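A.B. asks: The structure that follows is given in the form of structure tokens.
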């Protein structure tokens, strides 16, 4: 059986709104495909990768930010956006790898929970490759990837009609002070960390990109096609 084909789209450092707009475009494209028969080798969707151009707080379907809190965060110079993903509030900003897979899960033989586990596996593999062997996934409500009691990769997804959106946010060289203004993902008593903090050196999004792409291909057993030759 041929592997599903996934279109790799690297946006670079862009405003979060541009990522959401492109994600919506891909969602409409996949949802509009006629018929429900799944054939091997057909395009499975897109892998949208980016680095946020500025600080933005996002709230999930479970909320996480009151109007007063949102106003306070905007006063700090950050955007505040409601999203359709699962989970509560989190932060996105420069130095963070955002991965939004817009995928037809039927093409991969995955259910939503196994898709979330696959995203976690991608981040765990990346951490292990970089020399952080203790990275691990934890069961809900601690979804994501952790080093000790600190989260290094947040995960929040949405799925409708077998099509996924949103995904993961991996802290590479993120300014962690921004997380201090909220309770990330509503988890009291836990911390947030980054690759740079754990490895004691400056780790950029561009540095981890090739490793992440290899992890994604291996985990999802797919073929990545990119005009930017990143695959």
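The values are calculated or read from the model by the stated rules, or taken from the named source; none is laboratory data. On a predicted model such as this, the values are computed, not experimentally measured, just so you know. Cβ atoms come from the backbone with ideal geometry, glycine included; neighbour counts cover every protein chain shown.
A.B. asks: Looking at (1) in a loop (DSSP other than H, G, I, E, B); (2) at pLDDT below 95; (3) surrounded by fewer than 20 Cβ atoms within 10 Å (Cβ to Cβ), find the lone condition where residue 87 falls short.
C.D. replies: (3)
A.B. asks: Look at region 157-167 and say how many of its residues are modelled with pLDDT under 90 and within 18 Å of the chain's Cα centre (by Cα).
C.D. replies: Qualifying residue count, region 157-167: 1.
A.B. asks: For region 149-156, state whether one or more residues are surrounded by fewer than 21 Cβ atoms within 10 Å (Cβ to Cβ), at pLDDT 90 or above and not in a strand (DSSP E or B).
C.D. replies: Yes, the conditions are met somewhere in region 149-156.
A.B. asks: Going through region 94-130 one residue at a time, which ones are within 16 Å of the chain's Cα centre (by Cα) and without any contact (Cβ under 8 Å) to a residue 24 or more places away in the chain?
C.D. replies: Those that are within 16 Å of the chain's Cα centre (by Cα) and without any contact (Cβ under 8 Å) to a residue 24 or more places away in the chain: 113, 114, 117, 124.
A.B. asks: Among the residues of region 109-146 satisfying the criterion of being in a strand (DSSP E or B) and out of contact with any helix residue (DSSP H, G or I) (no Cβ under 6 Å at 6 or more places or on another chain), which is nearest to residue 58 (Cα to Cα)?
C.D. replies: 146
A.B. asks: State yes or no: is residue 22 modelled with pLDDT of 85 or more, under 16 Å from residue 166 (Cα atoms) and surrounded by fewer than 21 Cβ atoms within 10 Å (Cβ to Cβ)?
C.D. replies: For residue 22, the condition - modelled with pLDDT of 85 or more, under 16 Å from residue 166 (Cα atoms) and surrounded by fewer than 21 Cβ atoms within 10 Å (Cβ to Cβ) - is met.
A.B. asks: Can you tell me which residues in region 168-203 are under 30 Å from residue 106 (Cβ atoms) and at pLDDT below 95?
C.D. replies: 185
A.B. asks: Take residue 223 and tell me if it is on the phi < 0 side of the Ramachandran plot and either surrounded by 19 or more Cβ atoms within 10 Å (Cβ to Cβ) or modelled with pLDDT of 95 or more (or both).
C.D. replies: no
A.B. asks: Pairs needed: first member in region 2-21, touching a residue at least 24 places away in the same chain (Cβ under 8 Å) and on the phi > 0 side of the Ramachandran plot; second member anywhere, outside any helix (DSSP H, G or I) and surrounded by 16 or more Cβ atoms within 10 Å (Cβ to Cβ); C-beta distance under 7 Å; at least 6 residues apart or different chains.
C.D. replies: 12/50; 12/51
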